[in-house]
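Just below is one structure, and these are the notes that go with it.
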Amino acid sequence: MTRTPHLFVVSGPSGVGKGTLVAELRQRVPSLGLTVSATTRTPRAGEKEGVSYYFLSEEEFERRVEAGEFLEWANVHGNRYGTLLSEVDRFFGEGRSVVLEIDVQGGLNIRRVRPDTVLVFIEPPSAEELERRLRGRGTEDEQTVRLRLSNAASELEAAADYDVRIVNDDLVRAVGELADLIDSYETKERSL
C-alpha cells in the first residue's frame with residue numbers, strides 16, 4: 001500500500017520560535033520534507049539563496065503569481081512571501097509528507113485550497129515573552145519590531161481557526177508535541 005503524504009502547516013506570530021521548532025522537528029523526523037519559501041524581503045545575515053528562502057524581486061514574484069506557480073502567497077510585514085507548488089509537489093512525488101513554516105494568513109489560505117491540510121499554531125507563553133524574543137533577535141529595526149508586535153495580536157486571534165495549538169514555552173516539550181502529532185497522522189495512515 002502506498003502511503004498518502006500529508007501537508008502540515010506550522011504558523012504563529014513572528015518571534016514565536018517556528019523556525020527553531022521546525023529545525024528540531026526535522027532532526028527527529030528526517031523523512032519530513034521542508035519546503036523553501038519565496039520572499040521579496042532582503043536576506044538577513046547568514047541566509048542563503050535556495051536554502052533559507054528563494055529571494056525574488058517584486059517583478060519576479062509577481063510574474064510567478066500570474067503564472068499560478070504559488071500554492072499560497074501573502075503580504076506580510078511589508079514583504080511578499082509564498083510557497084511554490086513545485087516545492088510541495090517534489091516531496092509528494094517522493095511519497096513524503098511536508099511541513100510548511102509560514103505565516104498565519106498563508107496557512108489559512110492553504111486550508112481553502114487544500115482542506116485536508118493540518119494546521120498547527122505555535123503560541124508564545126505570553127505577549128511579554130514574544131516581545132523579548134523579537135527584540136532579542138536584533139535583526140529588525142524598531143519600526144519593524146512594532147509592526148510585528150501589532151500584527152501578532154490579530155495572528156493570535158486566528159489561532160482558533162487552526163487544528164492544533166502548541167505553546168512554545170519549553171522547546172523540548174513543544175518539539176515533542178509536534179513530532180507526536182505528525183507521527184499520529186503517519187501511523188493512522190499505516191493502520192488503514
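Only the coordinates and a few stated rules stand behind these numbers; no lab work does. Small disclaimer: the values here were computed from a predicted structure and weren't measured. Every residue, glycine as well, gets a Cβ built from its backbone with ideal geometry; the counts of neighbours run over all protein chains shown.
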Full extension between Thr4 and Arg28 adds, at 0.36 nm per residue less the Cα distance, a length in nm of 6.6 nm
Under 5 Å from the placed amide H of Val76, counting only residues 5+ away or on other chains, we find Tyr81
Simple spin-label estimate for Ala45/Ala153, 7 Å along Cα→Cβ, in nm, reads 3.2 nm
Cα pairs beyond 30 Å in the chain, in percent, come to 16 percent
Computed, not fitted: 222 nm per-residue ellipticity of the chain from DSSP H runs ≥ 4 (each -39500 (n - 2.57)), nearest 500, equal to -14000 deg cm²/dmol
